1. Apply the a/c threshold of 1.5 to the C-alpha gyration tensor of region 116-169 and tell me whether it is rounded, prolate or oblate.
2. Given the Cα-Cα distance of His76 and His119 and 0.36 nm per residue of separation, how much length would full extension add, in nm?
3. Which whole-number value in Å² is the accessible area per residue of region 37-114, probe 1.4 Å?
4. Tell me the label-point distance for the pair Asn86, Tyr48, using the 7 Å Cα-to-Cβ offset, in nm and rounded to one decimal.
5. What's the extension gain from Asp98 to Ser168 if we count 0.36 nm per residue and subtract their Cα-Cα distance?
6. If you take the square roots of the eigenvalues of the alpha-carbon gyration tensor of region 56-100 and sort them as a ≥ b ≥ c, do you get rounded (a/c under 1.5), prolate (a/b over b/c) or oblate?
7. Assuming 0.36 nm per residue, please report the length gained on full extension of the stretch Val143 to Leu131 beyond their Cα-Cα distance.
8. Under a point spin-label approximation (7 Å from Cα along Cα-to-Cβ), what is the Ser10-Val60 distance to one decimal in nm?
Amino acid sequence: MRSAQARLGSRAAAARRARALGSSTDPEPRDGFTAAEQEFVGERDGFYLASVSSTGWPYVQFRGGPPGFVRTPDAHTLAWADFRGNRQYISTGNVEGDDRVSLFFMDYPHRVRLKVFGHARIVDARDDPDLVTGLIVPGYRAVVEQAVVVTIAAFDWNCPQHITPRFSPIELESLLGRDGGSEDPDAG
């Protein structure tokens, strides 16, 4: 990475970012999530999860649920109830062979991205029902088969350049209702 940064002319900027973050190396190594990262993750309704297959190829999938389904029990841990999906269990199999994962949490309307690197473990719901119970989202009707617990190894806020703003139906309703969608005769 440093070699590519030097060759392509961004090494000085990366070093400045690292110094601004209080690191003598690069921005990724951190002591753990702050309240800002915990809040950001807690507001997301999905993320992209990358795992490593037995052949060495990366596998990326989208994981979704209601906002707040990913929890941050402490500054070094992410966890979520793994809802039954297509039942292929590709990520589960990958994590059982190589626990390294990468997660991208996106806020498309505000063009913000949080990258997280860590080590995942899969916990069968029958093996630790207390853990799974603590991760269930009240009112969300989904079958929980297992929990995923990630020990955070590194994270970084990423550049907003080239993130196209996208809005969920709920975000659009909120924007349209507040910004001109009102028929209040006293507005404006």
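The values are calculated or read from the model by the stated rules, or taken from the named source; none is laboratory data. Owing to the predicted nature of the structure, the values given are computational and were not obtained by experimental measurement. Using ideal geometry, Cβ is built from the backbone for each residue, glycine included, and neighbour counts are taken over all protein chains shown. With ligands, DNA and RNA removed, areas are computed over all heavy atoms of the protein, side chains included. Shrake-Rupley method; radii C 1.70, N 1.55, O 1.52, S 1.80 Å.
1. Numbers: a/c = 3.77, a/b = 1.53, b/c = 2.47.
In terms of gyration-tensor shape, oblate.
2. Numbers: separation 43, 0.36 × 43 = 15.48 nm, distance 1.07 nm.
That works out to 14.4 nm of additional length.
3. Details: 3940 Å² over 78 residues.
Per-residue accessible area for region 37-114 comes out at 50 Å².
4. Between Asn86 and Tyr48, the label points sit 1.6 nm apart.
5. On the way: separation 70, 0.36 × 70 = 25.20 nm, distance 3.34 nm.
Computed gain between Asp98 and Ser168 is 21.9 nm.
6. Numbers: a/c = 2.29, a/b = 1.32, b/c = 1.74.
The shape class here is oblate.
7. Numbers: separation 12, 0.36 × 12 = 4.32 nm, distance 1.49 nm.
Full extension from Val143 to Leu131 adds 2.8 nm.
8. 1.5 nm
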